[in-house]
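Quick notes on the structure that follows.
The values are calculated or read from the model by the stated rules, or taken from the named source; none is laboratory data. Keep in mind it's a predicted model, so treat the numbers as computed, not measured. Don't worry about glycine lacking a Cβ; one is built from the backbone with ideal geometry, like all the others, and counts go over all protein chains shown.
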Amino acid sequence: MAVPLSSHGLADTPYPRDMPILTLVSAEGARHHLSLDMLEVLPLRTVEGRLPNVSDTTALWQGVSLRVLLAHYDLPLPSRFKASALNGYSDIIPVQDIDDYDPIVAYQRKGEYLSISELGPLVIMYPYGDHPELSVSQYHSRTVWQLNELYLK
């Protein structure tokens, strides 16, 4: 009997599931190196949106809420985050965005894991589909793809 694979946790990934793909750095400098396996044990959140400033279509993105991620590691909400990408790009995400929009650290788009060539393995994704007011450059710049580090400030 064939059993379908769920899109959460059992589909093929473009990288080892136990390889660290995100470093979370607390305000005190403590480092948490997180793998996909570690992210996937946290509650799944889905948002609708598209990557700004690239040729992309609206899709469902799956990942973990920034708020849930911090709570899991007993880290208080900082006044802001610095989200950094593999290519050296970074932007600041104010805590107000967490309260207002609950963006996610996405690891899947349309049920598929994100490879580096597809701007993964992780993306800070805002719920653009639910909040048209996010369609401005201020939020576009905070949608950091190829995310690899989050610094709590």
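Applying the selection to region 71-91, what residues are within 20 Å of residue 139 (Cβ to Cβ), touching a helix residue (DSSP H, G or I) at 6+ places or on another chain (Cβ under 9 Å) and not basic (Lys, Arg)?
Hits for region 71-91 are 77, 78, 79, 81.
Hey, can you tell me all the residues within region 21-44 that are loosely packed, with under 14 Cβ neighbours inside 10 Å and closer than 25 Å to residue 153 by Cα?
Of everything in region 21-44, those that are loosely packed, with under 14 Cβ neighbours inside 10 Å and closer than 25 Å to residue 153 by Cα turn out to be 27, 28, 29, 30, 31, 33, 43.
All but one of (1) assigned to a strand (DSSP E or B); (2) farther than 16 Å from residue 151 by Cα; (3) of a type outside the set (Asp, Glu) hold for residue 42; state the number of the condition that does not hold.
Answer for residue 42: the failing condition is (1).
Among the residues of region 45-61, how many are over 14 Å from the mean Cα position of the chain (by Cα), of a type in the set (A, V, I, L, M), surrounded by 14 or more Cβ atoms within 10 Å (Cβ to Cβ) and assigned to a loop (DSSP other than H, G, I, E, B)? So that I can check it myself, show each step before the final result.
Let us first name the residues in region 45-61 that are over 14 Å from the mean Cα position of the chain (by Cα), namely 52-59.
Then drop every residue that is not of a type in the set (A, V, I, L, M), which leaves 54, 59.
From what is left, the residues that are surrounded by 14 or more Cβ atoms within 10 Å (Cβ to Cβ) are 59.
Retained after the next criterion (residues that are assigned to a loop (DSSP other than H, G, I, E, B)): none.
Looking only at that region, the number is 0.
Applying the selection to region 31-60, what residues are among the aliphatic types (A, V, I, L, M) and touching a residue at least 24 places away in the same chain (Cβ under 8 Å)? Write out each step before concluding.
Quick first cut of region 31-60, residues among the aliphatic types (A, V, I, L, M) only: 34, 36, 38-39, 41-42, 44, 47, 51, 54, 59-60.
Scanning region 31-60 gives 36, 39, 42, 44, 47, 51, 54, 59, 60.
So which pairs qualify, if the first residue must be in region 1-30 and part of a loop (DSSP other than H, G, I, E, B), the second must be at pLDDT below 80 and surrounded by fewer than 12 Cβ atoms within 10 Å (Cβ to Cβ), the Cβ gap must be under 8 Å, and the two must be at least 6 apart or on different chains?
Qualifying pairs under 8 Å: 11/5.
Looking at (1) surrounded by fewer than 17 Cβ atoms within 10 Å (Cβ to Cβ); (2) at positive phi, find the lone condition where residue 135 falls short.
Failed condition: (2).
Hey, any hits in region 113-133 for a residue that's closer than 27 Å to residue 29 by Cα, of a type outside the set (Asp, Glu) and out of contact with any strand residue (DSSP E or B) (no Cβ under 9 Å at 6 or more places or on another chain)?
yes
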